[in-house]
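Notes follow once the structure below has been shown.
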Amino acid sequence: MSEKYLLGIDIGTQGTKAVLVNLEGEILGTGFQEYSVEQPFPSWAEQWPQVWEEAFYNAVKEAMARAKVSPRNIAGLCLSGLYGGSGVPVDKEMQPLRPCLIWMDRRAIEEVRWIKENVDLEKLFRITGNYVDTYFGYTKILWIQRHEPEIWKRVYKFVPPTSYIEHRLTGKLAIDFSSAGNLGGIFDLHNRRWSEEMAQALAIPLELMPERLIPSTEVVGELLPEPAAKCGLIPGIPVIAGGIDAPMATLSAGAVEPGDNVAMMGTSTCWGVIHRGEGLSPNLVSMPHVVNCYEEIYTWAGAATSGAIVRWFRDNFGQEEKEAAQKLGLDSYQLLDLEAEKVPPGSDGLLVLPYFMGERAPLWDPQARGTIIGLTLYHTKAHIYRAFLEAAAYSLRHSIEAGEECGLQVKKEVRLVGGAAKSQLWPQILADVLGRPVVVLRGNVEAPLADALLAGLATGLIPSHRVIADWIQGKMVFHPRKEWHLRYDQLYKLYRQVFPNISDIMHGLAELQAWHQEL
């Protein structure tokens with residue numbers, strides 16, 4: 001019998017990654033295509049779905065070419081993706097009417113204000129397990145309804161990123177529970193269905209949502225001939241629903257027990273825990289988990305731009321490092337790390353608030369802004385870069401503390417996946433700030449590995465999601481250093497004091513910015 005292989009593909013905010021594995025979880029081939037986010041105005045963030053689709057085809061083709069396996073031996077493929085905010089508004093021919101307002105978009109401030117004044121917020125939380133913020137997709141849907149009436153008239157469905165690509169692959173439309181839950185507002189978390197009561201209260205017609213709600217491990221349909229040809233596969237391969245990238249990345253890190261917690265630090269940070277309902281809080285975000293979806297809930301908090309600000313710094317101030325890295329065959333971030341390692345903890349008196357696109361759980365303020373405090377003529381680029389890394393660590397500590405305050409059981413060890421895990425410096429800073437061991441796992445493939453696992457579960461080739469523990473053997477542990485942790489304790493207390501003391505100024509600046517935007 002020919003050996004069978006599985007494909008996992010993650011549609012991220014800044015790129016799409018594919019991995020091809022055998023049934024033992026060995027990665028035989030990877031593919032990646034980068035892209036960008038459109039930002040027509042400050043605090044706006046959009047993407048056309050055609051970008052995701054093209055990246056999907058190219059990433060899969062690259063993974064197949066590197067693995068050198070026959071497409072006839074691909075047993076299944078599964079997708080995960082960024083939280084698509086509003087979802088893609090499509091017409092009856094399933095053609096996109098405008099770009100998707102992704103999770104990073106913060107424009108729906110007036111819609112949030114209207115909800116807080118007109119909707120029973122206790123009932124909203126009781127039914128959905130979530131609260132109200134411009135982060136949630138239902139607020140962005142209301143923005144389109146109110147600001148783009150001509151588009152609204154033509155909307156047939158709002159379709160999340162993974163659902164959109166899966167429809168392009170199979171001709172079938174479905175939405176997994178995690179994507180529906182992360183939409184917030186109109187999803188009944190406890191009964192795993194759309195809430196007619198909340199949809200009516202919010203004036204969002206439920207017929208605009210995909211009717212087929214399914215677990216992440218269910219087959220959506222089979223790969224059609226045309227998309228199969230575009231990515232070097234054959235028709236008929238099962239396409240599995242998958243889900244939101246954060247719970248997928250948590251699974252890929254081997255988190256299968258209550259209290260296991262994982263920080264996914266890519267463009268943003270999602271620090272999350274699996275539980276059975278005891279950790280619900282309006283201060284956090286909750287959705288059905290991607291496995292055991294009828295019993296388990298994935299709850300998270302985290303900074304919106306913890307990784308994005310590091311890339312922003314490199315792109316705007318690290319041209320020298322980018323050019324040197326290209327000549328030396330290194331990563332530009334490695335060179336920035338080498339300089340930042342020479343800077344003492346606390347960056348010689350610098351504090352950064354990493355709120356460069358507002359902030360999500362647990363702060364919940366779309367008008368929060370990035371801030372650098374303590375600059376002097378003594379400070380260098382390396383100081384500021386290190387302060388950015390430290391800011392992400394302070395934010396992560398804030399998230400973990402918020403989770404524990406809400407009653408979540410949180411084990412001491414923090415598992416780390418994402419771009420931050422590629423660094424030798426950043427995980428150590430995290431450990432020192434948190435006062436917890438930080439574990440980086442072999443390969444650091446994030447959500448695509450769990451995607452491949454779910455493809456195996458759905459096709460009956462993998463007996464249990466717990467085999468992920470065998471797939472990720474090998475790890476590096478960063479232990480907190482006592483003296484550095486004590487120093488960071490003092491700095492963290494100052495960090496937590498800054499936002500309450502300057503938030504009014506942030507809000508005033510945001511409102512001036514919005515006023516200029518309207519001119």
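The values are calculated or read from the model by the stated rules, or taken from the named source; none is laboratory data. What you see is a predicted model; the values in this text were computed from it and never measured. Cβ atoms come from the backbone with ideal geometry, glycine included; neighbour counts cover every protein chain shown. Keep in mind that these areas ignore ligands, DNA and RNA; they rest on the heavy atoms of the full protein, side chains included. Shrake-Rupley method; radii C 1.70, N 1.55, O 1.52, S 1.80 Å.
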### Task
For the range 131-146, indicate whether the set of residues that are open to solvent by 20 Å² or more (accessible area, probe 1.4 Å) and either farther than 29 Å from Gln513 by Cβ or at pLDDT below 95 (or both) is non-empty.
no
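What helices (runs of 4 or more DSSP H) completely inside the range 418-479 contain at least 1 residues that are in contact with a His (Cβ under 6 Å, 6 or more places away or on another chain) and either of a type in the set (D, E, K, R) or surrounded by fewer than 19 Cβ atoms within 10 Å (Cβ to Cβ) (or both)?
The qualifying helices (runs of 4 or more DSSP H) are 425-434.
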### Message
I'm told Leu375 meets every condition in (1) modelled with pLDDT of 95 or more; (2) open to solvent by 40 Å² or more (accessible area, probe 1.4 Å); (3) farther than 30 Å from Gly277 by Cβ; (4) within 20 Å of the chain's Cα centre (by Cα) except one. Can you identify the failing condition by its number?
### Response
(4)
### Message
Checking Lys123 against (1) more than 19 Å from the chain's Cα centre (by Cα); (2) open to solvent by less than 40 Å² (accessible area, probe 1.4 Å): exactly one of these is not met. Which one?
### Response
(2)
### Message
Tell me whether the range 182-192 contains one or more residues that are under 18 Å from the mean Cα position of the chain (by Cα) and part of a helix (DSSP H, G or I).
### Response
yes
### Task
With the condition kept exactly as written, say whether any residue in the range 449-466 is at pLDDT 95 or above, closer than 29 Å to Ser286 by Cβ and either aromatic (Phe, Trp, Tyr) or in contact with a Lys or Arg (Cβ under 7 Å, 6 or more places away or on another chain) (or both).
no
### Message
Residue pairs, Cβ under 9 Å, 6 or more apart or interchain, first in the range 318-344 and farther than 20 Å from Gly419 by Cα and β-branched (Val, Ile, Thr), second part of a loop (DSSP other than H, G, I, E, B) and open to solvent by 30 Å² or more (accessible area, probe 1.4 Å). List them.
### Response
Val343/Thr380
### Residue identified as in contact with an Asp or Glu (Cβ under 8 Å, 6 or more places away or on another chain) and either assigned to a loop (DSSP other than H, G, I, E, B) or among the acidic types (Asp, Glu) (or both) among Gly254, Gly277
Gly254
#### Entry: Complete set of residues in the range 91-114 that are surrounded by 22 or more Cβ atoms within 10 Å (Cβ to Cβ) and either under 23 Å from Val239 (Cα atoms) or more than 25 Å from the chain's Cα centre (by Cα) (or both)
Cys100
### Task
With respect to Ala393, determine if the residue is outside any strand (DSSP E or B), aliphatic (A, V, I, L, M) and under 27 Å from Gly12 (Cβ atoms).
yes
## Note on the structure
Taking the range 12-43 and the residues there that are of a type in the set (D, E, K, R) and closer than 29 Å to Ile102 by Cα, the one that is least open to solvent (accessible area, probe 1.4 Å) would be Lys17
### Task
Residue by residue through the range 498-519, note down the ones that are open to solvent by less than 100 Å² (accessible area, probe 1.4 Å), under 20 Å from Pro362 (Cα atoms) and without any contact (Cβ under 8 Å) to a residue 24 or more places away in the chain.
Pro500
### Query
Tally time: how many residues in the range 69-92 are in contact (Cβ under 8 Å) with a residue 60 or more places away in the chain and either within 16 Å of Asp176 (Cβ to Cβ) or part of a loop (DSSP other than H, G, I, E, B) (or both)?
16
### Query
Can we say Trp484 is open to solvent by less than 20 Å² (accessible area, probe 1.4 Å) and in contact with a helix residue (DSSP H, G or I) (Cβ under 8 Å, 6 or more places away or on another chain)?
no
## Note on the structure
Considering the range 322-340, residues that are charged (D, E, K, R) and open to solvent by 20 Å² or more (accessible area, probe 1.4 Å), and then whichever is farthest from Gly266 (Cα to Cα), we arrive at Lys327
### Task
Would you check which residues across the range 432-474 are more than 16 Å from Gly419 (Cα to Cα) and free of Cβ contacts under 8 Å to residues at least 60 places away in the same chain and list them?
Val433, Leu434, Gly435, Arg436, Pro437, Gly460, Pro463, Ser464, Gln473, Gly474
### Query
So Val310 fits all but one of (1) over 20 Å from Pro448 (Cβ atoms); (2) in contact with a helix residue (DSSP H, G or I) (Cβ under 9 Å, 6 or more places away or on another chain); (3) surrounded by fewer than 24 Cβ atoms within 10 Å (Cβ to Cβ); what number is the exception?
(3)
### Task
Could you check Ala229 against (1) among the aliphatic types (A, V, I, L, M); (2) over 29 Å from Arg360 (Cα atoms); (3) in contact (Cβ under 8 Å) with a residue 12 or more places away in the chain; (4) surrounded by fewer than 18 Cβ atoms within 10 Å (Cβ to Cβ) and say which number it fails?
(3)
### Message
Every residue in the range 386-401 that is open to solvent by 10 Å² or more (accessible area, probe 1.4 Å) and over 13 Å from Ala263 (Cα atoms), please.
### Response
Glu401
### Given (1) among the hydroxyl-bearing types (Ser, Thr, Tyr); (2) modelled with pLDDT under 95; (3) open to solvent by less than 10 Å² (accessible area, probe 1.4 Å), number of the condition Thr267 does not satisfy
(3)
### Query
Looking at (1) open to solvent by 30 Å² or more (accessible area, probe 1.4 Å); (2) modelled with pLDDT of 95 or more, can you tell me which one Glu257 breaks?
(2)
### Query
Which pairs do you get when a residue that is among the charged types (D, E, K, R) and open to solvent by 10 Å² or more (accessible area, probe 1.4 Å), found in the range 173-193, comes within reach of a residue that is assigned to a loop (DSSP other than H, G, I, E, B) and modelled with pLDDT of 95 or more, reach meaning Cβ atoms under 8 angstrom, with the pair 6+ apart or on two chains?
Asp188/Ser195; Arg192/Cys293; Arg192/Tyr294
### Members of the range 54-84 found to be open to solvent by 10 Å² or more (accessible area, probe 1.4 Å) and under 18 Å from the mean Cα position of the chain (by Cα), listed by number
Tyr83
